[in-house]
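Note sheet for the following structure.
The values are calculated or read from the model by the stated rules, or taken from the named source; none is laboratory data. What you see is a predicted model, and the numbers here were worked out from it, not measured in a lab. Using ideal geometry, Cβ is built from the backbone for each residue, glycine included, and neighbour counts are taken over all protein chains shown.
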Amino acid sequence: MLNRILYYYKKEIKLLTYFLVSSFIVTGLDLFGPVLVQRLIDDVIPTKALNVFFSYSVVLLIIYIGRLLLSLYSSSRGQLMGNKIKSRMRDDLFEKIMNQPTKFFNDRQSGDIISRVTNDLENTSALLYRGLEDFLFSILSIIGALILMTRFNIKLTIFTMIPLPFAIYFTIYQNKKLKKGYVNIRKNMSKMTSRVHNTLRVIFFVKDNNLEEEKLNKFKKTNEDLLEVEKGNIYNISALMSGVNFYNQLTQLIVIFVGGYLHIKGELSLGIIITFILLTNRFRVIF
């Protein structure tokens with residue numbers, strides 16, 4: 001499986017290189033920006049030196065604009081890579097389907113085969129692009145953020161990390177439930193696709209024999225089954241999104257409360273508190 005994935009990556013090595021390099025730079029800018037914010041608040045603003053203040057502000061603006069442009073470029077290269085890989089996969093898959101024996105088609109619904117050529121490949125190409133981005137650059141971003149946070153204040157870093165293991169466990173648990181739900185949705189979507197395909201294939205026979213009502217009722221039943229499966233997955237999606245939002249808010253509260261306490265005791269500056277809030281946003285990529 002891994003060799004097959006690498007095979008498709010090698011076919012798009014140029015786009016892959018553009019995507020990786022630009023994403024590395026974006027990750028570096030994401031970590032460098034909060035450091036400048038800390039220096040601006042703690043070192044520049046208290047001195048009331050307007051020239052230095054404006055210089056830092058301009059540098060930050062340039063960083064944010066550069067990050068925006070590089071992010072757009074990285075995203076476009078990654079999506080193009082994913083689409084080209086998807087196109088190659090679609091050709092390979094359809095060729096493989098054409099070479100299957102008759103028994104293969106007797107044992108499977110036409111909707112399931114259509115779904116594999118369309119929906120499954122769409123998800124696969126997104127995984128090859130998004131999966132690479134999430135796995136590689138999320139890790140780099142989180143490690144970089146942790147290093148910076150530890151250098152700023154180890155106490156606040158420890159307190160900030162307390163909710164993270166629970167959030168990761170919750171996310172993994174909910175994603176497993178979501179995956180099961182999406183499998184059931186795909187199966188029911190395949191049944192509905194087959195229902196439509198088989199009906200349209202014999203549409204003249206249906207009309208000649210006044211079977212429209214019968215076919216319509218069967219379609220409605222299949223459609224209702226699909227809706228019920230989709231309803232069952234709504235709670236899982238809502239729970240995941242709400243849980244992630246709660247983690248973000250709880251982490252910010254910890255930074256403000258613990259950081260404020262340390263600031264009052266003279267162990268922490270306001271700039272570091274704000275920088276922690278900016279750096280903890282990097283942990284959202286896990287979810």
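Those residues that are among the aliphatic types (A, V, I, L, M) and free of Cβ contacts under 8 Å to residues at least 12 places away in the same chain, I need them from segment 32-77; list them, please.
Within segment 32-77, ILE45, ALA49, LEU50, VAL52, VAL58, LEU61, ILE62, ILE65, LEU68, LEU69, LEU72 qualify.
List pairs: first in segment 226-244 and modelled with pLDDT of 85 or more, second of a type in the set (Gly, Ala, Ser), Cβ under 8 Å, 6+ apart or cross-chain?
Correct list of pairs: GLY243/ALA167; VAL244/ALA167.
Only one of VAL58, VAL21, VAL44, VAL52 is β-branched (Val, Ile, Thr), buried (at least 16 other Cβ atoms within 10 Å of the Cβ) and out of contact with any Pro (no Cβ under 7 Å at 6 or more places or on another chain); which?
VAL44
ASN210 passes all but one of (1) without any contact (Cβ under 8 Å) to a residue 40 or more places away in the chain; (2) assigned to a helix (DSSP H, G or I); (3) over 30 Å from LEU250 (Cβ atoms); which number fails?
Answer for ASN210: the failing condition is (2).
Does ILE162 count as under 18 Å from THR280 (Cβ atoms), aliphatic (A, V, I, L, M), touching a residue at least 12 places away in the same chain (Cβ under 8 Å) and surrounded by 14 or more Cβ atoms within 10 Å (Cβ to Cβ)? Break it down stepwise before answering.
Numbers: under 18 Å from THR280 (Cβ atoms): yes; aliphatic (A, V, I, L, M): yes; touching a residue at least 12 places away in the same chain (Cβ under 8 Å): yes; surrounded by 14 or more Cβ atoms within 10 Å (Cβ to Cβ): no.
Spelling it out, it is not the case that ILE162 is under 18 Å from THR280 (Cβ atoms), aliphatic (A, V, I, L, M), touching a residue at least 12 places away in the same chain (Cβ under 8 Å) and surrounded by 14 or more Cβ atoms within 10 Å (Cβ to Cβ).
Yes or no: ILE97 touching a Gly at 6+ places or on another chain (Cβ under 7 Å) and in a helix (DSSP H, G or I)?
no
Quick one: which residue in LYS177, LYS155, LYS220 is over 18 Å from the mean Cα position of the chain (by Cα) and without any contact (Cβ under 8 Å) to a residue 60 or more places away in the chain? Give the derivation first.
Details: LYS177 fails: over 18 Å from the mean Cα position of the chain (by Cα); LYS155 fails: without any contact (Cβ under 8 Å) to a residue 60 or more places away in the chain.
Of LYS177, LYS155, LYS220, the one residue that is over 18 Å from the mean Cα position of the chain (by Cα) and without any contact (Cβ under 8 Å) to a residue 60 or more places away in the chain is LYS220.
Taking ASP30, is it touching a helix residue (DSSP H, G or I) at 6+ places or on another chain (Cβ under 9 Å), surrounded by 20 or more Cβ atoms within 10 Å (Cβ to Cβ), under 22 Å from ILE277 (Cα atoms) and not hydroxyl-bearing (Ser, Thr, Tyr)?
Values: touching a helix residue (DSSP H, G or I) at 6+ places or on another chain (Cβ under 9 Å): yes; surrounded by 20 or more Cβ atoms within 10 Å (Cβ to Cβ): yes; under 22 Å from ILE277 (Cα atoms): yes; not hydroxyl-bearing (Ser, Thr, Tyr): yes.
Taking the combined requirement at face value, the residue satisfies it.
Give GLU224, GLU267 a once-over and let me know the one that is part of a helix (DSSP H, G or I) and of a type in the set (Asp, Glu).
Numbers: GLU267 fails: part of a helix (DSSP H, G or I).
Sole residue among the options that is part of a helix (DSSP H, G or I) and of a type in the set (Asp, Glu): GLU224.
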